[in-house]
Amino acid sequence: MSNATRFYSLNDFLKERHGEKVMKLSLDGGFTCPNRDGKVATGGCIFCSSRGSGDFTSSSKYSITKQMEENITLLSNKWPNVTKYMPYFQAYSSTYAPLQVLKEQYEEALSFPNVVGLAIATRPDCLEEDLLDYLGELNKRTHLWIELGLQTIHSKTSSFINRGHDLACFEESVYKLYNRGIEVVAHMIIGLPYETREDILATATYMSKLPLQGVKMHMLHVLDNAPLGKLYNKEPFPLLTEDEYVEIVGEILKILPSHFVIHRLTGDGDRNHLIAPLWTTHKTMVLNHIHKYLKSENIYQGYR
């Protein structure tokens, strides 16, 4: 953990693992989600945009190779000297397809020059046994991690947001991946409707006791192309202020073990569709606010 950052960042982790900075390349494999089109579909999680968390990926009409090339061209303006890459299957549920289709896409990404690993975001109810066996094999020949959406441990909230699976499903999937030696990153949303500060910290405490590699934090975004936007416009519910969010992030960092990699402190909402909270559009300012708060309160990850 860097004394300068006060938490174990993804950037630090990747530099330690691969000897230099690694560029993540966000991809859309053209998948969908069982919560939208499966046998027990509920219409999808109500916070999820029409692009299924892939708002900042390239279009799935392009090949994986072309998407990666586009990513590199765009991000090289920011990081001109970075030459190692981590493909990140981000949009929708990126294990929700026949195994052969998944293999073709993952292997194409891994065959790209200077790729050091593979990151795959999905749901805990999208991990069939044959896929898990393949991921176990893949893990032996590349740096692999799987990102699972937890969002909250509270069943009342999960039902309200149409999550479509229970906590037991999430925990079972974590251990299935862990038992195969695969790194697991859990997502949590901070500021879900009607959750208290105590509710949010209880989710963090639960995660701290699991064999996770990392955690990704998101601020709740209310989008006009998601069902939550319609609900909010009809009956607005309280949203966290920037100060409240920053303070809660600080408390979460104190709860999470120091070896957990912090993959994200806040997320991006598509400003073309964002209804609220509008302060989240200034991501750099929010991150600076978090860093200043951690320093002023002398907060370090894993130390209460």
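The values are calculated or read from the model by the stated rules, or taken from the named source; none is laboratory data. All figures in this text were calculated on a predicted structure; none of them were measured in a lab. With ideal geometry, Cβ positions are generated from the backbone for all residues, glycine too; neighbour counts draw on all protein chains shown. Please note that ligands, DNA and RNA were not included when accessible areas were found on the heavy atoms of the full protein model with its side chains. Shrake-Rupley method; radii C 1.70, N 1.55, O 1.52, S 1.80 Å.
Residue count for segment 1-31, restricted to those that are assigned to a loop (DSSP other than H, G, I, E, B), crowded, with 16+ Cβ neighbours inside 10 Å and modelled with pLDDT of 90 or more: 8.
Can you find even one residue in segment 292-299 that is farther than 25 Å from Asn225 by Cβ and at pLDDT below 95? No, the conditions are met nowhere in segment 292-299. Of all the numbered requirements in (1) more than 29 Å from Trp145 (Cα to Cα); (2) of a type outside the set (Val, Ile, Thr); (3) within 20 Å of the chain's Cα centre (by Cα), Asn233 misses one, and that requirement is (3). Residues in segment 287-304 that are aliphatic (A, V, I, L, M), free of Cβ contacts under 8 Å to residues at least 60 places away in the same chain and surrounded by 18 or more Cβ atoms within 10 Å (Cβ to Cβ): Ile290 only. State whether the residues of segment 153-172 include one that is at pLDDT 95 or above, small (Gly, Ala, Ser) and touching a strand residue (DSSP E or B) at 6+ places or on another chain (Cβ under 6 Å). There is no residue in segment 153-172 that is at pLDDT 95 or above, small (Gly, Ala, Ser) and touching a strand residue (DSSP E or B) at 6+ places or on another chain (Cβ under 6 Å). Of all residues in segment 141-159, those satisfying the criterion of being open to solvent by less than 10 Å² (accessible area, probe 1.4 Å) and either among the aromatic types (Phe, Trp, Tyr) or part of a loop (DSSP other than H, G, I, E, B) (or both) are Trp145, Thr152.
When only residues in segment 90-120 that are open to solvent by 10 Å² or more (accessible area, probe 1.4 Å) and within 19 Å of Gly214 (Cα to Cα) count, which is farthest from the chain's Cα centre (by Cα)? Checking each candidate, the answer is Val116. Can Tyr245 be described as of a type in the set (Phe, Trp, Tyr) and within 25 Å of Phe170 (Cβ to Cβ)? When the stated conditions are applied, Tyr245 passes them. Number of residues in segment 215-240 that are free of Cβ contacts under 8 Å to residues at least 24 places away in the same chain and basic (Lys, Arg) equals 2. Residues in segment 160-171 that are surrounded by fewer than 17 Cβ atoms within 10 Å (Cβ to Cβ), within 22 Å of Gly44 (Cβ to Cβ) and among the charged types (D, E, K, R): Asp166 alone. Sub-6 Å Cβ pairs linking a first residue in segment 188-202 that is more than 12 Å from His218 (Cβ to Cβ) to a second residue that is part of a loop (DSSP other than H, G, I, E, B), at least 6 apart or interchain, are Pro193/Phe237; Asp199/His154, ordered by first then second residue. Can you tell me which residue is farthest from Met285 (Cα to Cα) among those in segment 229-256 that are charged (D, E, K, R) and part of a helix (DSSP H, G or I)? Ranking the candidates gives Lys234 first. Among residues of segment 59-83 that are exposed (fewer than 15 other Cβ atoms within 10 Å of the Cβ), those with a Cβ under 7 angstrom from a residue that is acidic (Asp, Glu) and assigned to a helix (DSSP H, G or I), sequence gap 6+ or separate chain, pair up as Thr65/Glu108.
Note on segment 264-284: residues that are open to solvent by less than 60 Å² (accessible area, probe 1.4 Å), of a type in the set (Ser, Thr, Tyr) and closer than 25 Å to Gln301 by Cβ total 2. Of everything in segment 266-281 that is small (Gly, Ala, Ser) and out of contact with any Ser or Thr (no Cβ under 6 Å at 6 or more places or on another chain), the residue that is nearest to His218 (Cα to Cα) is Gly267. Every condition in (1) within 21 Å of Asn298 (Cα to Cα); (2) of a type outside the set (A, V, I, L, M, F, W, C); (3) open to solvent by less than 10 Å² (accessible area, probe 1.4 Å) is met by Lys254 except one, and the failing one is (3). Within segment 177-190, being open to solvent by 60 Å² or more (accessible area, probe 1.4 Å), over 18 Å from the mean Cα position of the chain (by Cα) and not polar (S, T, N, Q) holds for one residue alone: Arg180.
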